[in-house]
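Beneath this line is the structure, given in structure tokens, with notes to follow.
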Number of protein chains: 2
Amino acid sequence: MKEIKSADAEVYIKRYELDKVFPEHFRPLMKVYQFKKGNVLFSAGEELEEIYILVDGKIKIFTLTPEGKSLINRFKRPLELIGDVEYVKRNTVFNSVEAVTDGVMLAASFADLANLEQDHPPFTRFLLETLARKFYTEAHTTNLNMLYPVEVRLASYLLSISSVSEGTIFHQEMHTSNLMELAEWLGTSYRHLNRVLKKMATDNIIERANGSIAIKDLEKLSILAKGNIYE
Amino acid sequence: MKEIKSADAEVYIKRYELDKVFPEHFRPLMKVYQFKKGNVLFSAGEELEEIYILVDGKIKIFTLTPEGKSLINRFKRPLELIGDVEYVKRNTVFNSVEAVTDGVMLAASFADLANLEQDHPPFTRFLLETLARKFYTEAHTTNLNMLYPVEVRLASYLLSISSVSEGTIFHQEMHTSNLMELAEWLGTSYRHLNRVLKKMATDNIIERANGSIAIKDLEKLSILAKGNIYE
DNA sequence: TTTTTGAAAGGACATATGTCCTAAGTAGTT
DNA sequence: AACTACTTAGGACATATGTCCTTTCAAAAA
């Protein structure tokens, strides 16, 4: 990750309405970093000294076992805080983070933030609200993962990226760019995702043509999803 | 849950060193509730108006699917906050809560707490630290559950409640009072827990005698747990 | 002591999902 | 066009875990 000294945090602070959180006098203390697709941004166990704010791009958060194999993860887009828990608990990094696309982060040092907290309550409040949202989302996703099989989760996911208007189904941007990533997103293996996709195709719920997935029967899909909404 | 007007929050505030969090002038606004084993304390979807602080007893936090069946849960002992996320996000209750033993909660209304936040930053900080800890623990447990089979988790659990001294193994208090509860704690079915226990007994790692579990081979257990520590 | 009840234990079977491999398709590069 | 690399697709098999039942057992109640 490379610091861009010429860049100004200002633009991003405006864009994401962070001006109440970071007062004028604090902004010169903030840095702007740029990262490239594929960069390993943080590794579990590392010592952190700054909080990072994802303001552009997409990242992947995952856990590696000591045995090196399995992983669990989420994809994150702006606005997302990295290192908030580490800042509050003064822990080492818990999850590893990798860049899925090019992107930009703002950063502020733990020390500066601790000072900021002394005379600027909105920042503490911001942290609190961020964490509450994270906790809620995390719990929601975990429950979904543990309570329902991949088929249901996939159905929910497809519903979440589709919207219907005048009988036509529009696909919003997929959170994932290919099936492997989709498998990771759903927390399953690529092989299994394929199996489930095949079943849905056989049941005439979706149709697969050259790598893309088209919804054929929205109603059946809704029934499958059991009213769950992903994210 | 029954309010005990005669009771005083003071004792508990002392015991858990909450005096910096709740200043003198705020304490008269706090209530003391008593609950009985088996009471359903909160149900998912309910509207909350107070934050609750578990100061005595054991509770169970779980999720029910609309289909009524499966559940996921954790057991909690003091000191634990209930309703913190709900307070910050103004959501309805996310998980249901049930009393496992008799116990006591302190409570303070959202409205009073919002006022407190205005002129008493330590409370916001307390919320933040609590949430960070919760988030961390939650993530840790989730990872453990998703990455390792029940056998490993059970091994970790047994290790976590055992301590060795001069060649003798001491069992600390189990978090659970019977095998069904242990199965819930581990997030598996009772049947499966039994299967795994049997395997461990066959492998001479543990020994089962009239309902209790004794560790026979600590080393094998440690290898099985792969260095993971539960909670 | 007999009866009842709930916990403990496990057999039989089904299902979700993972791992390992192979093959076919597609796009980019030489 | 030939080659390479990556994605898609799926066969074969193993494993973790769930569901449903039955039996055993021990403690509590009659």
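Results, tabulated for the structure shown:
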quantity	calculated
Matching option when the condition is out of contact with any helix residue (DSSP H, G or I) (no Cβ under 8 Å at 6 or more places or on another chain), more than 16 Å from DNA strand C (Cβ to nearest atom) and away from every other protein chain (no Cβ under 14 Å), among A:5, A:20	A:5
Test: residue in the range B:37-47 that is assigned to a loop (DSSP other than H, G, I, E, B) and among the polar types (S, T, N, Q)	yes
Among (1) open to solvent by less than 10 Å² (accessible area, probe 1.4 Å); (2) without any contact (Cβ under 8 Å) to a residue 24 or more places away in the chain; (3) of a type in the set (A, V, I, L, M, F, W, C), the one test that residue B:116 misses	(2)
Flag for residue B:148 being under 28 Å from residue B:188 (Cβ atoms) and within 7 Å of chain A (Cβ to nearest Cβ)	no
Residue B:133 being closer than 30 Å to residue A:64 by Cα and in contact (Cβ under 8 Å) with a residue 60 or more places away in the chain	no
Residue selected from the range B:177-210 under the condition in contact (Cβ under 8 Å) with a residue 12 or more places away in the chain and more than 16 Å from residue B:157 (Cβ to Cβ), by the criterion most open to solvent (accessible area, probe 1.4 Å)	B:204
Output for the range B:45-70, where each listed residue is touching a residue at least 12 places away in the same chain (Cβ under 8 Å) and either closer than 26 Å to residue A:224 by Cα or within 12 Å of chain A (Cβ to nearest Cβ) (or both)	B:45, B:61, B:62, B:63, B:64
Some residue of the range B:81-90 being at pLDDT 95 or above, charged (D, E, K, R) and in a loop (DSSP other than H, G, I, E, B)	yes
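A quick yes/no check of all residues on (1) at pLDDT 80 or above; (2) in a helix (DSSP H, G or I); (3) more than 9 Å from DNA strand D (Cβ to nearest atom):
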{"residue": "A:134", "(1), (2), (3)": "yes, yes, yes"}
{"residue": "A:151", "(1), (2), (3)": "yes, yes, yes"}
{"residue": "A:157", "(1), (2), (3)": "yes, yes, yes"}
{"residue": "A:175", "(1), (2), (3)": "no, no, yes"}
{"residue": "A:181", "(1), (2), (3)": "yes, yes, no"}
{"residue": "A:192", "(1), (2), (3)": "yes, yes, no"}
{"residue": "A:208", "(1), (2), (3)": "yes, no, no"}
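The values are calculated or read from the model by the stated rules, or taken from the named source; none is laboratory data. Since the model is a prediction, treat every value here as computed from it, not as a measurement. All Cβ positions, glycine included, derive from the backbone under ideal geometry; neighbour counts span all protein chains shown. Just the protein is used for accessible areas: all its heavy atoms, side chains included, with ligands, DNA and RNA removed. Shrake-Rupley method; radii C 1.70, N 1.55, O 1.52, S 1.80 Å.
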